[in-house]
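Take a look at the structure set out below.
The values are calculated or read from the model by the stated rules, or taken from the named source; none is laboratory data. What you are looking at is a predicted structure, and each value in this text was computed from that prediction instead of being measured. All Cβ positions, glycine included, derive from the backbone under ideal geometry; neighbour counts span all protein chains shown.
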Amino acid sequence: MSQRGKTIKTRNEHEMTLERPMVTRHYVMTWDLDRCVGCQMGPTVCPKDALTHIDGEIVDGRLVTRPSVDVDPDKCVLCGICVETCSVHAIDMKVNGKHEIPVIKYEAFPEVRGHLTFNKDDFDFSLKDFVINNCPTGVISYDEEQDTMVVRYEDCIRCRQCEVASKGAFQVVQRWKGSVELHRDRCVEGCLACADICPTRALHINEDGELVLADYYCIKCGACMYTCPIKPEFEEEEFTFESQGMTITKSRQKLVNKDQLAIKVERWRANHTPVQSASWIEALGKLADNKASAVEIDRKRALRRQDLIRALRGHTLPDHTRKKE
């Protein structure tokens, strides 16, 4: 029997794939389960409720099985919203063998983009190995022939580790603006699972074995909230928005136990291309809190913050590179 038009799902320990062969368009969507942090952003915005969060497993306070996601191939329409929303680039999508996100191509959804720039003239190249070693995704390298730093931009998660490690020669604008709070007094004793899942080392274990937060590195994915044993609780509420002259009412999940959480992440607004479709407005209403603006840590001040420097691998900048006070 022909499989044309039917979505075929395959999954193993490291990868999940959906494939839909059609007459003119052949869709392949692939999840890198080793990169996925189970952040819930995809399931939150999926317009067909095709994605399901899978909890990780914590033993003696440490994460032994990573949280993940599953997909119902009968519900998924391969729109690509989850691809664009994923903060750690764990999902790849191709149509006819070429990278394509349908909702982006047909302007039904914006590119949720951050920015990273590198100023070679401002960079102390004695720091190159320090910067490379502090990239949590391994996307920075040194091109000896060109004598410059190279970034694999499509896999960069805009965590700002390179910004602090390079003393500002790299400059990063993150995809989401928001906040993260760690309340150590509410933590389950001995639990360090949130540090195990954090993709940026914003949450990490210091030299004394204590859980600490370097908030400037947080990309607001929220994976820590769903890994923590103290789970967020939600109630459904309706929200309305205007789109193309119509008033649309949708439902979203409202956090109701924020004062009990050990770790709380809020997203306030996104850096995105100018698209005002109903799909995007609905997704934004589900992902972001109702805060129009907020003060974020100034970059210059961040480069001097000792907690951010200690959060780097190696803990401190090499002695000969430190600025004199």
State whether the residues of region 226-243 include one that is modelled with pLDDT of 90 or more, surrounded by 14 or more Cβ atoms within 10 Å (Cβ to Cβ) and among the basic types (Lys, Arg). no
When restricted to Cys159, Cys187, Cys221, the only residue in the same structural domain as Ala262 (by TED's automatic domain parsing) and within 18 Å of Gly38 (Cα to Cα) is Cys221
Pairing a residue in region 5-16 that is under 16 Å from Val95 (Cα atoms) and part of a loop (DSSP other than H, G, I, E, B) with any residue that is modelled with pLDDT of 95 or more and among the hydrophobic types (A, V, I, L, M, F, W, C), where Cβ atoms lie under 6 Å and the two sit 6 or more apart in sequence or on different chains, gives Thr7/Leu18
Counting only helices (runs of 4 or more DSSP H) wholly inside region 34-107, the ones holding at least 2 residues that are in contact with a helix residue (DSSP H, G or I) (Cβ under 8 Å, 6 or more places away or on another chain), among the aliphatic types (A, V, I, L, M) and crowded, with 19+ Cβ neighbours inside 10 Å are 41-45, 102-105
Those residues of region 298-309 that are modelled with pLDDT of 90 or more and surrounded by 14 or more Cβ atoms within 10 Å (Cβ to Cβ) come to a total of 5
Matching residues in region 91-114 (within 14 Å of the chain's Cα centre (by Cα) and farther than 16 Å from Trp176 by Cβ) number 1
Taking region 211-245 and keeping only residues that are more than 20 Å from Met41 (Cβ to Cβ), without any contact (Cβ under 8 Å) to a residue 12 or more places away in the chain and part of a loop (DSSP other than H, G, I, E, B), one is left with Gly245
Filtering region 49-68 down to residues that are in contact (Cβ under 8 Å) with a residue 40 or more places away in the chain and farther than 26 Å from Glu210 by Cα yields His53
Looking across region 282-292 at residues that are farther than 21 Å from Arg158 by Cβ and modelled with pLDDT of 90 or more, the single one that is farthest from the chain's Cα centre (by Cα) is Glu282
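Residue-wise test of (1) within 27 Å of Cys135 (Cα to Cα); (2) among the aliphatic types (A, V, I, L, M).
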residue	(1), (2)
Asn12	no, no
Leu18	no, yes
Arg35	yes, no
Gly38	yes, no
The residue from Val256, Val295, Val275 that alone is of a type in the set (A, V, I, L, M), modelled with pLDDT under 90 and in contact with a Phe, Trp or Tyr (Cβ under 7 Å, 6 or more places away or on another chain) is Val275
